[in-house]
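A.B. asks: One structure, as structure tokens, below. Some questions next.
The values are calculated or read from the model by the stated rules, or taken from the named source; none is laboratory data. Owing to the predicted nature of the structure, the values given are computational and were not obtained by experimental measurement. Neighbour counts run over all protein chains shown; Cβ positions are idealised from the backbone, glycine included. For the accessible areas, the whole protein counts, side chains as well, though only heavy atoms, and no ligand, DNA or RNA atoms are used. Shrake-Rupley method; radii C 1.70, N 1.55, O 1.52, S 1.80 Å.
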Amino acid sequence: MEADVMVPSLDSMPRIFSLSDLKQQLPGGREHALDVTLRWLEAGVIRQVAPERPVFYRVIAGEPLSEAEVLQALMRTFPSVVIVAGSALWRQGVSTQQDNTLECAIAEPVTDCNLSHVGLHSRPAGWWSVMRQVGGLSAEGRFGVTMLSPEMAVADAAAFRDVWMPDRDGIDWNRLSTARLSTATEALAPLRTGN
């Protein structure tokens, strides 16, 4: 009973939190934080964002995570996360078709994720260099998460073919630069799936 007095209230934790965040609120350190986390997981009041990653979110009945919370959870779990494909196009107003799954690329080979409506896609190490070299990242982000530029989103989807894209008629091609699209396509050619 005394040990429970030392457990912080789940309501006192932010909606997205890490094991380190919990550990800071407990006198017993890492082992105590692990014990509390396991109890909360078993009770179903929290979920882990991804296997083997110490980032969690509070489960609140009838209240799914907002897009800002999903992106915060992804950033804390996968710091390399970038919004790609149709998800980047819609969020930048280049597509009239909204995604059902938030398409994201990460540097890590692990793509398991417990967040509903999120698709994680691993990209090779060279991909990140290409993004920097050709300016493939958009100047505007979404709740702190980087997005591909519209041209790079199209080129990346064509190169890797593992993401959702809107129908051709759903893309405002007038907002895309043919020169930047060509540069992005050429830069990704050596990384294309199936090469």
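A.B. asks: Check whether at least one residue in region 159-176 is buried (at least 21 other Cβ atoms within 10 Å of the Cβ) and free of Cβ contacts under 8 Å to residues at least 60 places away in the same chain, and report yes or no.
C.D. replies: Yes, region 159-176 contains at least one residue that is buried (at least 21 other Cβ atoms within 10 Å of the Cβ) and free of Cβ contacts under 8 Å to residues at least 60 places away in the same chain.
A.B. asks: Consider region 87-103. How many of its residues are within 11 Å of ALA153 (Cα to Cα) and free of Cβ contacts under 8 Å to residues at least 40 places away in the same chain?
C.D. replies: 0
A.B. asks: Need the failing condition index for LEU188 against (1) assigned to a helix (DSSP H, G or I); (2) surrounded by fewer than 21 Cβ atoms within 10 Å (Cβ to Cβ), just the number.
C.D. replies: If we test LEU188 against (1) assigned to a helix (DSSP H, G or I); (2) surrounded by fewer than 21 Cβ atoms within 10 Å (Cβ to Cβ), just (2) comes out false.
A.B. asks: Which condition breaks for VAL59 when tested against (1) within 19 Å of MET131 (Cα to Cα); (2) more than 17 Å from the chain's Cα centre (by Cα); (3) not small (Gly, Ala, Ser)?
C.D. replies: (1)
A.B. asks: In addition: Condition test on ARG132, is it charged (D, E, K, R), touching a residue at least 12 places away in the same chain (Cβ under 8 Å) and at negative phi?
C.D. replies: No.
A.B. asks: Any residue in region 118-129 that is touching a residue at least 40 places away in the same chain (Cβ under 8 Å) sitting within a Cβ distance under 9 Å of a residue that is in a loop (DSSP other than H, G, I, E, B) and aromatic (Phe, Trp, Tyr)? List the pairs, counting only those 6 or more apart or interchain.
C.D. replies: From region 118-129, the pairs are GLY119/TRP164; LEU120/PHE78.
A.B. asks: Say we look at region 3-59 and pick out the residues that are part of a loop (DSSP other than H, G, I, E, B), out of contact with any Gly (no Cβ under 7 Å at 6 or more places or on another chain) and among the β-branched types (Val, Ile, Thr); which of these is least open to solvent (accessible area, probe 1.4 Å)?
C.D. replies: The extreme case among them is VAL49.
A.B. asks: Given the residues LEU89, LEU34, LEU120, LEU65, which is the only one that is under 11 Å from the mean Cα position of the chain (by Cα) and not β-branched (Val, Ile, Thr)?
C.D. replies: LEU120
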